[in-house]
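Okay, structure first, notes after.
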Amino acid sequence: MSPTTIEYHIAEIDGFWGIFREGVQIARRSDAGDAIAFANFFADRETLVATRPVRVSAGDCLQRELQRMRRAA
């Protein structure tokens, strides 16, 4: 990843999903889907005003949670 890329990251913290921008927590959500929607909304919005590329990433915990949600559906 280039150091000029704006990074949004979703991580599980104390039973919640923390959303981070450039390493600073900007929000927290109790639902994984809400955390993804929040991060994607702000990242998409930022692509309209920023000249740098924007990336949304998540840890392994979110991958496992998404797999669990798919099995339950």
- Query: Which entry in (1) 1.00; (2) 1.27; (3) 1.35 is this structure's computed Rg/Rh (Cα atoms, Kirkwood Rh)?
  - Reply: (1)
- Query: Which percent of the accessible area of the chain is formed by carbon and sulfur heavy atoms (probe 1.4 angstrom)?
  - Reply: 51
- Note on the structure: Connecting every pair of Cα atoms under 10 Å apart in the chain and solving the GNM, the largest mean-square fluctuation among Arg29, Arg21, Arg52 falls on Arg52
- Query: Can you give the angle from 0 to 90° between the axis of helix 32-49 and the longest principal axis of the chain, with both taken from C-alpha atoms, to the nearest 10?
  - Reply: 10
- Surrounding net charge for Ala11, when Lys and Arg each add one and Asp and Glu each subtract one, Cβ distance under 15 Å: -3
- To the nearest Å², the heavy-atom accessible area per residue of the chain with 1.4 Å probe amounts to 68
- Item | J(HN,Hα) series, region 56-73, from Karplus relation 6.51 cos²θ - 1.76 cosθ + 1.60, nearest Hz, glycine and proline x | 10, 9, 8, x, 4, 4, 5, 4, 5, 5, 5, 5, 4, 5, 5, 5, 6, 6
- Query: Taking Cα pairs under 8 Å and at least six residues apart, what relative contact order does the chain come out at, in percent?
  - Reply: 34
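Please give the charge dipole size of the chain, origin at the Cα centre, charges +1 on K and R Cβ atoms and -1 on D and E Cβ atoms. Round to the nearest 20 debye. Provide the component values of the computation, followed by the final result.
Working: 10 positive and 10 negative charges, 37 e Å.
Here the chain has a charge dipole of around 180 debye.
The values are calculated or read from the model by the stated rules, or taken from the named source; none is laboratory data. In this text, all values refer to a predicted model and were calculated from it rather than measured experimentally. When we count neighbours, we look across all protein chains shown, and the Cβ atoms used for this are built from the backbone with ideal geometry, even at glycine. In case anyone asks, the SASA skips ligands and DNA or RNA and just uses the protein heavy atoms, side chains included. Shrake-Rupley method; radii C 1.70, N 1.55, O 1.52, S 1.80 Å.
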